[in-house]
């Protein structure tokens with residue numbers, strides 16, 4: 001058995017209620033010193049059905065109650081995102097924005113934390129957002145295409161037609177862009 005074949009056995013794929021959005025659970029090796037995990041293994045992700053070409057890594061640090069999203073990019077720079085939390089905890093959300101999909105407008109949300117090395121794959125055609133649940137959180141995510149300000153769009157975090165059940169303790173802290181996002185009905189979406 002070659003090394004890449006061994007490495008490809010070190011993660012588990014967990015389905016969500018939206019079939020294309022999955023949780024990735026890498027194997028964690030713990031001992032008295034701490035732990036080790038592979039946060040990215042191209043061969044393993046390809047075998048799991050996740051594209052292996054990521055072109056940019058992003059890192060966001062936020063305080064409790066900060067809500068980022070719901071963001072996506074239109075062609076020609078549509079992004080898939082592989083999201084992981086390296087400190088703290090978030091409630092992470094993906095929304096299907098493919099008009100031709102039977103799940104159009106549906107969302108899935110999961111808690112991601114540094115305590116559990118789960119990652120969420122948000123495929124192209126989906127919007128992404130999260131709210132910070134812990135005192136602060138550091139979120140790292142790989143993307144399949146570069147950031148393009150002209151391609152970026154935002155859906156309102158509180159759009160009633162989507163109905164995300166955010167676990168908020170009070171009003172979220174939002175950027176101006178997120179306060180003024182479009183509704184699903186008026187947004188540019190994918191065919």
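Bear in mind that the values in this text are calculations on the coordinates, not laboratory data. Quantities reported herein were computed from a predicted structural model and do not represent experimental measurements. Note that we place each Cβ from the backbone using ideal geometry, even for glycine, and neighbour counts take in every protein chain shown.
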Debye-sum result for the chain in log10 I(q)/I(0), which assumes one identical scatterer on each alpha carbon, at q = 0.10, 0.19 Å⁻¹: -0.40, -1.40
Max mean-square fluctuation residue, GNM over the chain, Cα-Cα springs under 10 Å, options 27, 127, 137: 27
For the range 42-138, convex hull of alpha carbons as volume per residue, Å³: 107
FRET efficiency for residue 165 and residue 191, using Cβ-Cβ distance with R0 set to 25 Å, rounded to 0.05: 0.35
Burial ordering of 81, 177, fewest other beta-carbon atoms within 10 Å first: 177, 81
Distance cut-off 15 Å, percentage of C-alpha pairs in the range 105-171 lying past it: 63
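For the chain, what does the helix formula give at 222 nm: sum of -39500 (n - 2.57) over DSSP H segments with n ≥ 4, over the residue count, nearest 500 deg cm²/dmol?
Values: 3 runs with 15 residues, N = 191.
Value at 222 nm, helices only, nearest 500: -1500 deg cm²/dmol.
Which FRET efficiency value, to the nearest 0.05, is calculated for residue 140 and residue 29 with the Förster distance at 22 angstrom and r the Cβ-Cβ distance?
On the way: r = 20 Å, r/R0 = 0.91.
Once the sixth-power term is evaluated, E becomes 0.65.
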Per residue, the convex hull volume that the Cα atoms of the range 50-98 enclose (Å³): 115
